[in-house]
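The structure under discussion appears below in the form of structure tokens.
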């Protein structure tokens, strides 16, 4: 740990010297009034001269005790000793507290309160590589410190600290309702994020050995001041990121049906996991930027529903396919009935057409009775010929010998 800065040490020594000079001046003044002139001022450095030092030193001690008691009550410290330590550190730059920032956290001793964390400066913060600390004074943010040792002056305190390394987030489970009213659970959601790096010529500055953790003051301020405050205090970064991720997943589930999520038609629409991931990564960048964060990667996790819903879905799936099968069967029956009636109509039409052709070929004339007899014989002979041809065709298909020709 490096020594105090020259300016801070100088002003502390000046104030300490003024206090010593004031105490010595009061002792000399008292001795000049009550001591024998021939023994002044040497009497101040003897045992008899201690009485001239008691009241100035006692006044100084009382002032320190009162100031320490006031600071202890004001900041609700554990004891007057902590308040006295802060008074000495503030007034004389003696016994400055030290705080180490590592892994995005303040390293505090469990058995001893740290005045930098409870009260504020003056003091030292030791920031390890890959960490960032935002310092705030009475009017607002005053500075942002990266790796190194930094002096925190009076009226300043450490507002927020963060790790510049890639951070991991995890959501165990969330619940949402689909558009058709089915309760779903999404479990084991994982994502990676980090503080947004600085920009150069419109592009994010990549990490390099010379600058492994590029950062921007504005995004650090966004992280510190753009989080919501609840009854339990400032929302942690992990909770704020979880709220954004959960909101993106819930909004998509609420606007789609259950089958669109669990059994999508991939040939018609993209897979819902890819759509959700893209919407969170792209469409919600403004919300991440408002927090000063950059989302690097997200895994949606697993969709799940209750066993009752799965049973209902199987029954619905079976009923749907049973309905399709019944519809196909009914359509086949309708087609068969239609084709049967159409064939009968065509057969009757062919028969009528044949009768008309035969009548034209017969060229009927003379007596009607004779004509009718000739027509019946002609039509009967034709029917017998067709039956004979049908029998021969059937015999050819079955391999049987044809029977004797019919006798007239």
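Structure values in brief
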{"item": "Answer from 304, 247 - the residue that is in contact with a strand residue (DSSP E or B) (Cβ under 9 Å, 6 or more places away or on another chain) and at pLDDT 80 or above", "result": "304"}
{"item": "Residues satisfying the stated conditions in region 91-100, i.e. at pLDDT 85 or above and over 13 Å from residue 10 (Cα atoms)", "result": "96, 97, 98, 99, 100"}
{"item": "Any chance residue 313 is outside the structural domain of residue 192 (by TED's automatic domain parsing), surrounded by 14 or more Cβ atoms within 10 Å (Cβ to Cβ) and either in contact with a helix residue (DSSP H, G or I) (Cβ under 7 Å, 6 or more places away or on another chain) or at pLDDT below 85 (or both)", "result": "yes"}
{"item": "Output for region 120-129, where each listed residue is surrounded by 16 or more Cβ atoms within 10 Å (Cβ to Cβ) and assigned to a loop (DSSP other than H, G, I, E, B)", "result": "120, 121, 122"}
{"item": "Selected residue [over 26 Å from residue 151 (Cβ atoms), surrounded by fewer than 12 Cβ atoms within 10 Å (Cβ to Cβ), at pLDDT below 90 and out of contact with any helix residue (DSSP H, G or I) (no Cβ under 8 Å at 6 or more places or on another chain)] from 48, 103", "result": "48"}
{"item": "Region 247-263, residues that are surrounded by 17 or more Cβ atoms within 10 Å (Cβ to Cβ), under 14 Å from residue 177 (Cβ atoms) and within 18 Å of the chain's Cα centre (by Cα)", "result": "249, 252, 253"}
{"item": "Filter result (assigned to a strand (DSSP E or B), under 26 Å from residue 143 (Cβ atoms) and in contact (Cβ under 8 Å) with a residue 40 or more places away in the chain) within region 175-203", "result": "193, 194, 195"}
{"item": "Criterion violated by residue 140 - all others in (1) surrounded by fewer than 19 Cβ atoms within 10 Å (Cβ to Cβ); (2) assigned by TED's automatic domain parsing to the domain that holds residue 224 satisfied", "result": "(2)"}
{"item": "Some residue of region 289-296 being at pLDDT 80 or above, assigned by TED's automatic domain parsing to the domain that holds residue 246 and assigned to a helix (DSSP H, G or I)", "result": "yes"}
{"item": "Residues satisfying the stated conditions in region 108-119, i.e. modelled with pLDDT of 85 or more and either over 14 Å from residue 161 (Cα atoms) or surrounded by fewer than 23 Cβ atoms within 10 Å (Cβ to Cβ) (or both)", "result": "115, 117, 118, 119"}
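One line per residue, one yes/no per condition, for (1) within 54 Å of the chain's Cα centre (by Cα); (2) in contact (Cβ under 8 Å) with a residue 12 or more places away in the chain; (3) surrounded by 15 or more Cβ atoms within 10 Å (Cβ to Cβ); (4) farther than 19 Å from residue 120 by Cα:
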position: 27; (1), (2), (3), (4): no, yes, yes, yes
position: 33; (1), (2), (3), (4): no, no, no, yes
position: 39; (1), (2), (3), (4): no, no, no, yes
position: 42; (1), (2), (3), (4): no, no, no, yes
position: 58; (1), (2), (3), (4): no, no, no, yes
position: 72; (1), (2), (3), (4): yes, no, yes, no
position: 95; (1), (2), (3), (4): yes, no, no, no
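The values are calculated or read from the model by the stated rules, or taken from the named source; none is laboratory data. Owing to the predicted nature of the structure, the values given are computational and were not obtained by experimental measurement. Neighbour counts run over all protein chains shown; Cβ positions are idealised from the backbone, glycine included.
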